[in-house]
1. So what are the three principal axis dimensions of the chain from its Cα atoms, in whole Å, longest to shortest?
2. Cut-off 15 Å, label point 7 angstrom out along Cα-to-Cβ of residue 354: give me the residues of the stretch 370-392 whose amide nitrogen falls inside.
3. In a shell of Cβ-Cβ distance under 14 Å around residue 326, excluding residue 326 itself, what net charge do Lys and Arg (+1) and Asp and Glu (-1) give?
4. Going Cα to Cα from residue 180, which lysines come in below 25 Å? Please leave out same-chain ones fewer than 8 positions away.
5. Given the C-alpha centroids of the stretch 349-380 and the stretch 40-71, what is the distance between them in whole angstrom?
6. List the residues whose amide H sits under 5 Å from the amide H of residue 156, counting only those 5 or more places along or on another chain, with H placed 1.01 Å from N in the peptide plane.
7. Could you go through the stretch 32-42 in sequence order and give the Karplus-derived ³J(HN,Hα) for each residue, using 6.51 cos²θ - 1.76 cosθ + 1.60 with θ = phi - 60°, rounded to whole Hz, and x for Gly and Pro?
8. Check the straight Cα-Cα distances from residue 90 and name the lysines below 26 Å, setting aside those fewer than 8 residues away within the same chain.
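The values are calculated or read from the model by the stated rules, or taken from the named source; none is laboratory data. Because the structure is predicted, anything quoted here is derived from the model rather than measured. Using ideal geometry, Cβ is built from the backbone for each residue, glycine included, and neighbour counts are taken over all protein chains shown. Surface accessibility is based on the protein's heavy atoms, side chains included, excluding ligands, DNA and RNA. Shrake-Rupley method; radii C 1.70, N 1.55, O 1.52, S 1.80 Å.
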Amino acid sequence: MNTARPTPALAGAADPAVDWARVRADFPLLTRQVHGKPLVYLDSANTGQKPAVVIDTVDDFYRRHNANVSRAVHALGSEATEAYEAARGKLARHLNVRADEMVLTSGTTFAINLVAYAWALPRLKPGDAILLTRMEHHANIVPWQLIAERAGAVIRVAEITPDGALDLDALHAAMTPEVKLLGVTHVSNVLGTVNPVRGICREARRRGIVTVVDGSQAVPHMAVDIAAIGCDFYAFTGHKMCGPTGTGGLWGRREHLQAMPPFLGGGEMIRQVRFEGTVFNDPPHRFEAGTPNIAGHIGLGAAVDYLDALGMDRVAEREADLLAHLTQAMQQVEGLRIFGTAPHKASVVSFLVEGAHAHDLATLLDLEGVAVRSGHHCAHPLMQYFGVPATCRASVAFYNTHDEIEAFVAALRKVRRLLG
Ligand code: PLP
């Protein structure tokens, strides 16, 4: 197995500062041009770019080790299984939880659906309520609607304040005895708001409410300690944290995972199958039916190594610096409105320019080499709150540069003139 794990460019043992230019050089895609201009990639909240070590790890797996996991006794089968399980262990350590409580999934969407169908559906009764917040991604709304309809339960919504923070008083007041489950995002993919999930989960737990935290936009940007958060389930996606697409996981408290029936049936998730009945495997394998994304998760393990070597606190510090620059520079652009100005934010600025449609802005920015996302960001209820059909979103990662922010804002001014 490829064990080459280039340590991200630390300036030297005595000086733990990071050479961010060298870190950027770890990401091959960032050197390319788009429409004849240097690429300025400001869409990492959508999907993150991958360092060479992740690409090489996936490549190495297919070239030298490719086999199915947990089935074959031959050497390749053992190597593949070992590397796949090692990736689970790395993720668990990275997030401070036990490996046998870490279900590997195709991402957050699958992870939340797993909780919805295997934990919630068998338990919810007519009259029960599922509490969500206004700022949830559709992946943390639609599965609950599907389940609520089948169980006769209702969805309740905790509102936000105009700056895009959660209204914590309203959230706590909404935690009434009918509420059996709370779904809350750790970081909003539209507003960038970092929610105080530790305190929220403590309040929910005191009231016997099971908590599902959507960590998709948190794990790429900060050190996440799931044990300290004290939630019941934590879902995340690998492709936003330097890993391959189709990877991610669900952490669940042991007692929940053990009490949950399988979500999907098939190979791998069983101990013994007879036509009279099947004995299921223990968690986490009970929830991993069929051949998983082996290469992808091994690649995700390499991404975790990469981020660990960099240090998530350094990543958070670097991104806070970039975000402050980005926000301040955008505020100077005439007619630009920022959505989400809560005091505690991560890496995302949603915006509109007076008189311009989000898609027109994004299309013209693309011609300048700048990649930003435009649309509803899978957050229709949030768009509804702000009374707009869509916004543009610029999102930064540690591999972006201050020069790119200047180039983006210059392009924004140019585009604004063209549209004005
Ligand atoms: N939740 C949030 C906050 C997200 O930003 C995303 C992806 O954009 C998701 C859930 C869904 O993640 P995936 O499509 O990887 O399952």
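1. Projected onto the principal axes, the Cα atoms of the chain cover 71, 54, 40 Å.
2. Residues passing the 15 Å test: none.
3. Counting the neighbours of residue 326, the net charge comes to -3.
4. 125
5. The distance from the Cα centre of the stretch 349-380 to that of the stretch 40-71 comes to 28 Å.
6. The list, which skips near neighbours in sequence, is 130, 131, 132.
7. Result, rounded to whole Hz: 7, 10, 10, 6, x, 10, x, 5, 10, 8, 10.
8. Hits, sequence-local ones excluded: 50, 240.
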